[in-house]
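Structure record follows, encoded as structure tokens.
Quick note: the coordinates plus some simple rules give every number you see, no bench work behind them. Not measured: the values here are computed from a predicted model. Cβ atoms come from the backbone with ideal geometry, glycine included; neighbour counts cover every protein chain shown.
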Amino acid sequence: MKLTDIRIEQFRQFRQALALEGLEDGINLISGPNEIGKSTVAQAIRAAFFERYVTSTASVYQPWGDSAAAPSVDLTFEVDGERWQLAKRFLKRKRCDLSIGTTTLSNDEAEARLANLMGFNVAAAGASKEKDWGIPGLLWIEQGSGQAIDGSVANAQSHLEAALESLVGDIASAGGDDIIHAVASQRGELLTPGGKPRNDYLKTIQQVEDLAQKAEGFAPRVARYQESVDRLGELQQVHQITQRDRPWENLREKADAARTQLAEIGRLQQEQNSDEQALATHRTLLTQLATRQAEAEQLSEQLQQRERDRGIVQTELTALEEKTEGLERTLQQAREAYQSARGVLQQARKAELHQSLQQARAEANEQASKLRKVQQDVEKLREQEAAARESSQNNRIDEAILDDLSTACSEHDQLRIRLETVATRLKFQLVDGVTLRLHEDILSGEGEVLLTEAAVLDVPGLGRLDIEPGGNDLGTLQREYQQQQDSIDALLSSLNVPSLAIAQERAENQRKAQAELTRIKELLHVTAPDGIEALATELDTALRQAAEAAERLEGMEAPNTDLPSLDTAQSMLDSTEILQSEAEQVLQSHQHQLAIVRDRLESAEKEWQRLHEQLHSEKRHEELRQLAAELTETQTAASTLETAIAERQLRINDANPTLVKQDIERLSASATSQENMHREREREIHGLQVYLQSAEALELADQQVECETELAYAQRRLADFERRAQALKLLYTLLQEGRQKLTRRLQAPLQKHLDHYLAMLFPNSSLQVDEALKPDLFQRDGETGKLSELSFGAREQMGLISRLAYADLLQEAGRPTLIMLDDSLVHSDAKRRDTIKRALYDAAQRHQILFFTCHPENWDDLGAKTWDLAALKADRPA
Amino acid sequence: MPRFLHTADWQIGRQYSRFDATNAALLAEARYQAIARLAQLAKDESCDAVLVAGDVFDTQTVSELNIRRVFNAMEAFSGPWVLLPGNHDAALSESVWTRAMRMEAVPDKVHLALAAGLIELETAGLAILCAPLTQRNTYDDLTAPFDNLDSSPGLVRIGLAHGSVQGVLAEDIDSTNPISATRVDTARLDYLALGDWHGAKRIGERCWYSGTPEPERFRNNDAGAALIVDIDAPGSVPTVSLHRTGQYDWQQWQRAMAVATDLDELVKDLEATPPHTVLDLKISGQLTLDEEQTLNRALSVAGARLRSLQANLSALAITPTEAEIAELHAEGYIGDVIQTLNEQQALTDDPAPRDALLILAGLLRERGTEPEASA
């Protein structure tokens, strides 16, 4: 298809006619600044094809403010070598004329033909909508929508498929879609998209479930009804028999007979009890009587015993009384022996005192003489002490000063020696007779002088020699030596001695005196430790003691010499005292014993007397006689009772009252039980009859039948639904599969063209189309993603090459193609633009492309003819 | 010369859940009408008695209304009627019979044979030896006591029982409620009137099943009749005549569609079937799309005319011809789908492929009848 001429009049910006004549094959670049009307030209072409000539919505095409305008578009194009002329007028002169070669069509017919040619839908009413645009909607890119391709492909899909029928070499039933829709719609009435039942189908399933459950619920009720009927039959049968026979009455009669028997046994038992009670009373009485008889016999025995007791006590007393005199005599003898022993002891004590006084006097005298001797020794020591003390006093010297002196003398000697060493030694050997004078000294013969200071040696006759001793310290030594001499002198003076030797001698003497003093002191201490005064006192004491002892001895007689010793006398006294005491105790005890035995005798006598009187009273004899008679009588009565009891017990045992009692219980219980069962049956029969005659039971069958009828109907209905659902499912699935298979066959050629352009723009990448023929998965450098995830620019470029691929595909199928790009690719950079230009140029070899742009400078290397709208407007013919 | 009407198996209260509600109601209603016809027949034929050999009621728990309707339907014949409990309406401790009596719904002309024994109808000249079921089922021969049951001389001895005569009926009849095949002889019966078998059936010259007066299932031959029995005197051989009483004719057809004329035959037969028919139709084989339409029309017409028509087409395959497919304009993948469905039909018993094919064909036909959008 090739568009050759465009003429627009009274259309938006173009109040005056605008004509683009002689459009070329390939790319036609239509340029101009904004607002000049580029998009209006594109819009006019769209309006010529898509918009119904009758539509009133075309008023938007009127130039602004000109409601009288009649927008018109005239297009001339070639299809398969035939010339098509389209003239479309809107609003005021609404018309559509189409001439194809020599054929002329108008209005609706013309528009239908156009739609068929280009592959779009004629708008139903009003403005044409995107969904109607079909193939042109895909190939004509509006400003700013180049990236949005999905919608355009969807709108074009059926046209694409119809157009491509020949290409895939098969009859692709594009009309199958309406069948699929119809099947889907019928399926949708029964099934959800997921294949689950819905609407009436679902309701019927639930209805069947509910009814089935309800129908099942009848089973136990029917069973209960039938069981009740059976039970009633059984009960009625048994009831009739028991009602007739009344078995419990027979049992009650038997029980009554047993009761009579038991009453007889009871009477016997009562008699037995009363006899046994009487027997027991008799036996008790017998025991009491026997006791009383025994007591009576014991009384005389007691009297004899009492008599024997009294005799024993009397004998005992007599024996005691006989012993009394002997015991009193023994006591008397003991007392006398004691008094004698006391006298001897007093004598012995006097003799003892005398002897001890004599001894004391002798000892005191001896002590006195000893003490006098000591006194004399002490006196002599005192004298020695005084002498030593005097010697010590005389040789007294200060030891400290002595030490200083000794030190000073020693140092002085050392100084002197050093002085002599340092001093100038003047040796001389003079001829006899010759003398020299050194200071005041005259030197002669042979000798040596030490000069420690300057000296003048007069050599008589010759003059004099001044000798100046050398060494620096000679003077110093000389001075020290002199000082030391001075201090020695001062020390000697203070000690008041002429020399060190004397001082030392005195010190030695003093030490000797001190030692002597010490020795004497020790001796004194030994001899008179408490001192001299104590010694004197001791002596006085001894003398006084001796005097006292002598005085006492003077007043005493001389003691008897054959007396026992003091200890012996004391011992004798002690032993006699013990004997006396013992004798006293024995006597006292004896007398106590006597008193007791006398008491016992008296009470034994009284007891005997009492029993004796009791035993011999008349009343007692009478009691004994009565007792014996009573005893005999009671024994006879008891014996009679025992016989009667034994006989009766035999009779009772034979009757066995325990078993008779059990019989009564057993028979009564059986009777009651049987009767109760009978009544129970009656009640149950009544209950069952009430139930079976109740409305519930009677309506059961009706309800069950009604329910089962409903269920059967619902089940039939459900089966119908199920069959229809299965059929629709199958049909829908098969149709879908067929449809998809067809689509897949169309994918391959489209993919081929897509790859062709993709290699130019995005080498080493791939773009896959999906089943709806939409570009879908984009793969580059091993990464895969959805087209929609790419950048805006990339999507726009993808959109362009996809459309170019569709155009190639359509052309291959022999369909007309016209590509329009309205200000596309503004988001592409210069580099990418260059590759796009190559793709466009390549496409332009096969298709006519109208390229509208406001940036002609960006596209001046497209190798295309450029139409400058501004210039065209200016050059417009009048 | 006693003459009596022998009938049985009224099965009052039987429900027909396999039919839609209207037909079920009409079929149930027909059973009461059958009683009325029996009464009328007995009157018209001057019968001395009507003997019903069991299963008057289909269930023990028939509603009170329906119990009354049974006795009301007997109006035309003044009696006596002897009604014997069968296995469906056994004389249990509590039964449809005790209820009927409590309701005081039983007219004096009706004798209920609730206990085994003798009912002597002197006016009619009949001594009826009754063997009612008093349990739902029994394995004892309830007619055995007939042998020792004496009746008044001069009366015709008629046994009335419900069960299976031993060794005579098909094996699939359950062997409960057995009746000795020699009972007629051992009990010196002039006639043994039996119930339980729903078709009229002669067992011997003195022993018959009357069958049900109104059919209620597709099996059984000779259902829908009653017997009128004439016996000149005790010991005479009875004369038995069969009288149709059924209102509806129950039929079951199985037709295979193999050749083109099979369909024509079926259509003709359907057209010839009288309206009181209850028809159960099962069709197998295969038809073309056009033939299927013909069949559908015929079934639709017959369905409206007959009392009931139930057609089972699940074994029928629909095979469009090439021409039919072309006519449907089933091109491209739609044509493939038709082909696939055709093939699947042959491979499976599942009706889904056939149904799917019919739906698709219907849609394509509809499309064909619409005006073309573009020429």
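Gyration tensor over the Cα atoms of the range B:249-369: the corresponding equivalent ellipsoid has semi-axes (square roots of 5 times the eigenvalues, largest first) of 29, 15, 12 Å. One Cα centroid belongs to the range A:432-463, the other to the range A:470-501; the line between them spans 27 Å. Restricting the GluC sites (Glu not before Pro) of the range A:421-503 to loop positions (DSSP other than H, G, I, E, B) with no more than 14 neighbouring Cβ atoms within 10 Å leaves A:440, A:453. What separates the Cα centres of the range A:685-750 and the range B:1-52 is a distance of 36 Å. Across the range A:627-645, the residues whose backbone nitrogen lies under 12 Å from the label position 7 Å along the beta-carbon direction of residue A:275 are A:639-645. For the peptide A:700-710, the mean number of other protein chain Cβ atoms found within 10 angstrom of a residue's Cβ is 5. Mind checking the log10 I(q)/I(0) for the range A:424-468 at q = 0.13, 0.17, 0.28 Å⁻¹? Debye, one equal scatterer per Cα, no solvent, two decimals. Each listed q corresponds, in turn, to -0.24, -0.41, -1.12. Cross-link partners for residue A:873 among the lysines, with Cα-Cα distance under 21 Å and sequence neighbours closer than 8 places in the same chain left out: A:38, A:865. For the range A:310-325, backbone phi angles converted through the Karplus equation (6.51, -1.76, 1.60; θ = phi - 60°) give residue-by-residue couplings of 4, x, 4, 4, 4, 4, 4, 5, 4, 4, 5, 4, 5, 7, 4, 4 Hz, Gly and Pro being listed as x.
Can you compute the equivalent ellipsoid semi-axes for the protein assembly as shown, i.e. the square root of 5 times each eigenvalue of the Cα gyration tensor, sorted largest first and rounded to whole Å?
One finds semi-axes of 153, 111, 22 Å for the protein assembly as shown.
Compute the signed sum of charges (Lys and Arg +1, Asp and Glu -1) over the other residues within less than 13 Å, Cβ to Cβ, of residue A:50.
For residues surrounding residue A:50, the net value is 0.
Within the range B:3-244, the proportion of Cα pairs with more than 32 Å between them is 12 percent. For residue A:203, a cut-off of 20 angstrom between C-alpha atoms picks up these lysines, skipping any fewer than 8 places away in its own chain: A:214, A:729. Treating cross-link reach as a plain straight distance, find the lysines whose alpha-carbon is under 17 Å from the alpha-carbon of residue A:131, omitting any fewer than eight places away in the same chain. By straight Cα distance, residue A:131 reaches A:774. Among residues other than residue A:334 with Cβ under 12 Å from its Cβ, the summed charge is -3 (Lys and Arg +1, Asp and Glu -1). Using a Gaussian network model of chain B in which every pair of alpha carbons under 10 angstrom is joined by a spring, one finds that among B:147, B:350, B:190 the greatest mean-square fluctuation is at B:350.
Largest mean-square fluctuation among B:273, B:138, B:340, in a Gaussian network model of chain B whose springs join Cα atoms under 10 Å apart, belongs to B:340.
For the pair the range A:250-316 / the range A:562-615, the C-alpha centres are spaced 58 Å from each other.
Each residue of the range B:157-168 was assigned a 3J(HN,Hα) from its phi angle through the Karplus curve 6.51 cos²θ - 1.76 cosθ + 1.60 (θ = phi - 60°); the sequence is 8, 10, x, 10, 8, 9, x, 10, 6, 5, x, 10 Hz, with glycine and proline shown as x. Expressed to the nearest 5 percent, the antiparallel share of DSSP beta bridges inside chain B is 30 percent.
For chain B, excluding the exposed loop sites themselves (GluC sites (Glu not before Pro), DSSP loop, at most 14 other Cβ atoms within 10 Å), the longest remaining stretch covers B:206-371.
All other residues whose Cβ lies under 14 angstrom from that of residue B:191 are scored, Lys and Arg at +1 and Asp and Glu at -1, for a net of 0.
Per residue, the convex hull spanned by the Cα atoms of the range B:1-146 measures out at 112 cubic angstrom.
Do any trypsin sites (Lys or Arg not before Pro) in the range A:682-791 lie in a DSSP loop with no more than 14 other beta carbon atoms within 10 Å, and if so, which?
none
Counting only other chain Cβ atoms within 10 Å of each residue's Cβ, the peptide B:358-364 averages 5. Restricting the range A:60-150 to trypsin sites (Lys or Arg not before Pro) that sit in a DSSP loop and have at most 14 other Cβ atoms within 10 Å of their own Cβ leaves A:129. Counting neighbouring beta carbons within 10 Å and listing from fewest to most, the residues A:102, A:330, B:321 come out as A:102, B:321, A:330.
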